[in-house]
Amino acid sequence: MKFSAHEWRGHFPLLANHPRLHYLDNAATGQLCAAAFDAVTHHELTQRANVLRGTYKLAEAADAAYEQARRQAAAYLNAASADEVVFTSGTTAAINLVAHAFGDTLQAGDEVVLSLAEHHSNLVPWQMLRGRRGVALRFIRLADDGRLDLARLDEIVTPRCRLVAVTHASNVTGAVSDLVPIVAAARAAGARVLVDGAQMVQHGPVDVAALDADFYAFSGHKAFAPNGVGVLWGRAEALAALPPFLGGGGMIGRVTAEETTYAAPPRRFEAGTPPIAQAVALGAALDWLRAQPWEAMRAHTTHLAQRLLDGLAVLPGLTFLGPREMTERLPIVAFNLAGIHPHDACQVLDAHHVAVRGGHHCAQPLMDRFGVEGAVRASLAPYNTEADVDALLEGLKDAQRKLK
Amino acid sequence: MNEDLYQQAILDLAKSADGAGRLAAPDGTAQGDSPLCGDRVRMDVKLDGGRIAALAHEVKGCLLCRAAAAAIGRHAAGLDAAQAAELRAEVAALLSGADAAPAWPELKCFEPVRPHRNRHGCVLLPFDTLRDAIEKAAGR
């Protein structure tokens, strides 16, 4: 299938409203696609009702839309069943759910393995668990190019390991994690595997069956869908083994004044009214994304990222955080310019209508590893063009002139 | 508006780095961290009769943060804890749009930061750290 970035932009109304904008902060949030926008509008105007409660036609329509969204998410992930899809408010909530429900089954001395590339959302919940349960945290280190250093994996994932929780791809370096040896090491230790897919799902359908992980978390807002919704996928037997995290309506079997029995997954983990319209819109976005020509789209974003890497490499005083080659990495490029703070660079870039993020990107241990406080990060989506990359490069040259 | 942010006065103030360094035997040291960007300010103060007799700062931060620290390095001698807290409030008010003439003429160069709310913290971090350092020194 052919792909045209200019045609693809037509599916993103905000970009039409801001024709001069060079939006390169897609790792923070993606723009809302028309399929998601239309789904929200249709749902709220024709079938808005609470789910899992009503017997009237409107409520049945809302139920059907919500459960269809579960099937759409399952299809995007190649999950065995829609019952393996738990809707959450986002990746952070999904990881916190596992940190509580699975974490509370752990004992002092059990180990959780993370990497130094994790977003704070896949680090802080485990530090908090350490405070509650006395588990030990162990870390996969990073090589100089930002990739996970798996050379001593057998020393890090020990028989005491109960969970390995790692990112599918870094939100700073763009490096895609080599999950095969990590999953193998976890399996050998009898540990579960949680994969943080927050950066990955917007770059094409994910195959959780092939990954052989136990849990996979992602957010709607990075996948061109609304914010306030995300997914925790869990292998059926892994979810079934977990106690609930939040208690409330919708997650119960039977409640008496004295005790409660719990619903089966996924509802066991969806206490209270879920983000219904957001989930419906996420399902629509994922359905639309699944039908896109991903091979051509990845070739496009890889070409743009390579153009960016090449253009940056010739700027004086530039250092990269992350791999220089475009194999096994996403079109996310983080860098620093000597003598220019990331925030100052971003502020000058804004005057050029270039939207990029500067700072620690909620990955301070990674920043510590590279001895920097922060970095400028440009993150690309298929709707970006060479003009976006060139505007960034020109803006950086202007920043170097103005701020030195 | 963005380009106004980096007028020559603010660049010169940042580059002056007045007061940069460490004190050999401070009465109080405070460290301020920005949760937004990871910037860090360390400030050492020596007091004489409850007032700043000497001050030095180390800044890992943006131009706005460095300029604010330099203004402090230039003018903070003689302040007591209450005045440092008052100064911090005055800078916050200036960023929020207050018209009152600032205590130090250099502070006027931060007026273009007003519409950029996410950058207010960059200017305020050294003033927060100054207030904390004096409080620590006074509480010894």
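Summary of values
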read-out	value
Residue among B:P26, B:P35 that alone is assigned to a loop (DSSP other than H, G, I, E, B), open to solvent by 10 Å² or more (accessible area, probe 1.4 Å) and within 10 Å of chain A (Cβ to nearest Cβ)	B:P35
Enumeration of residues in the stretch B:72-83 that are part of a helix (DSSP H, G or I), under 21 Å from B:S16 (Cα atoms) and touching a Gly at 6+ places or on another chain (Cβ under 9 Å)	B:I72, B:G73, B:R74
Residue under evaluation A:R324, criteria (1) in contact with a Leu (Cβ under 8 Å, 6 or more places away or on another chain); (2) over 24 Å from A:A198 (Cβ atoms), criterion not met	(2)
Leading residue by the ranking (least open to solvent (accessible area, probe 1.4 Å)) among those in the stretch B:45-63 that are in a strand (DSSP E or B) and within 14 Å of chain A (Cβ to nearest Cβ)	B:V59
Total residues in the stretch A:332-371, condition open to solvent by less than 50 Å² (accessible area, probe 1.4 Å), among the polar types (S, T, N, Q) and either touching a strand residue (DSSP E or B) at 6+ places or on another chain (Cβ under 6 Å) or touching a residue at least 60 places away in the same chain (Cβ under 8 Å) (or both)	1
B:D132 being over 21 Å from B:A14 (Cβ atoms), open to solvent by 10 Å² or more (accessible area, probe 1.4 Å) and not in a helix (DSSP H, G or I)	no
Residue pairs meeting the criteria (Cβ under 7 Å; at least 6 apart or on separate chains; first closer than 19 Å to B:R22 by Cβ, in the stretch B:59-79; second among the polar types (S, T, N, Q))	B:A70/B:S16
Hey, A:D398 closer than 30 Å to B:Q7 by Cβ, acidic (D, E), more than 11 Å from chain B (Cβ to nearest Cβ) and open to solvent by 10 Å² or more (accessible area, probe 1.4 Å) or not	no
Test result for A:T260, under 23 Å from A:L239 (Cβ atoms) and either of a type outside the set (G, A, S) or open to solvent by less than 60 Å² (accessible area, probe 1.4 Å) (or both)	yes
A:V280 being farther than 21 Å from A:A117 by Cβ and open to solvent by 10 Å² or more (accessible area, probe 1.4 Å)	yes
Count of the stretch B:84-103 residues which are open to solvent by less than 70 Å² (accessible area, probe 1.4 Å) and not in a loop (DSSP other than H, G, I, E, B)	11
Extreme residue, nearest to the other protein chains (Cβ to nearest Cβ), among residues of the stretch B:1-23 that are within 19 Å of B:E58 (Cβ to Cβ) and open to solvent by 80 Å² or more (accessible area, probe 1.4 Å)	B:K15
Residues satisfying the stated conditions in the stretch A:220-250, i.e. modelled with pLDDT under 95 and touching a Pro at 6+ places or on another chain (Cβ under 8 Å)	A:G250
Residue check for B:A71: at pLDDT 95 or above, open to solvent by less than 20 Å² (accessible area, probe 1.4 Å) and away from chain A (no Cβ under 12 Å)	yes
Residue list for the stretch A:353-389, filter: at the interface with another protein chain (Cβ under 9 Å from one of its Cβ atoms) and under 26 Å from B:K15 (Cβ atoms)	A:G358, A:G359, A:H360, A:M367, A:V372, A:E373, A:G374
Matching residues in the stretch A:146-163 - criterion: being of a type in the set (D, E, K, R), more than 22 Å from A:H120 (Cβ to Cβ) and either assigned to a loop (DSSP other than H, G, I, E, B) or not assigned by TED's automatic domain parsing to the domain that holds A:A108 (or both)	A:R152, A:R160
Test for B:L95: is it under 22 Å from B:Q31 (Cα atoms), of a type in the set (A, V, I, L, M) and in contact (Cβ under 8 Å) with a residue 12 or more places away in the chain	no
A:D350 vs. criteria among the acidic types (D, E), within 14 Å of another protein chain (Cβ to nearest Cβ) and within 24 Å of B:G121 (Cα to Cα)	yes
So A:V206, is it surrounded by fewer than 24 Cβ atoms within 10 Å (Cβ to Cβ) and either touching an Asp or Glu at 6+ places or on another chain (Cβ under 7 Å) or of a type outside the set (S, T, N, Q) (or both)	yes
Qualifying residue in the stretch B:111-123 (condition: more than 13 Å from every other protein chain (Cβ to nearest Cβ), over 11 Å from the mean Cα position of the chain (by Cα), touching a residue at least 12 places away in the same chain (Cβ under 8 Å) and closer than 28 Å to A:K402 by Cα)	yes
Residue in the stretch A:172-193 that is open to solvent by less than 40 Å² (accessible area, probe 1.4 Å), more than 30 Å from A:L380 (Cβ to Cβ) and either part of a loop (DSSP other than H, G, I, E, B) or not assigned by TED's automatic domain parsing to the domain that holds A:E237 (or both) present	yes
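The values are calculated or read from the model by the stated rules, or taken from the named source; none is laboratory data. As the structure is a prediction and not an experimental result, all values here were calculated from the model. Neighbour counts run over all protein chains shown; Cβ positions are idealised from the backbone, glycine included. For the accessible areas, the whole protein counts, side chains as well, though only heavy atoms, and no ligand, DNA or RNA atoms are used. Shrake-Rupley method; radii C 1.70, N 1.55, O 1.52, S 1.80 Å.
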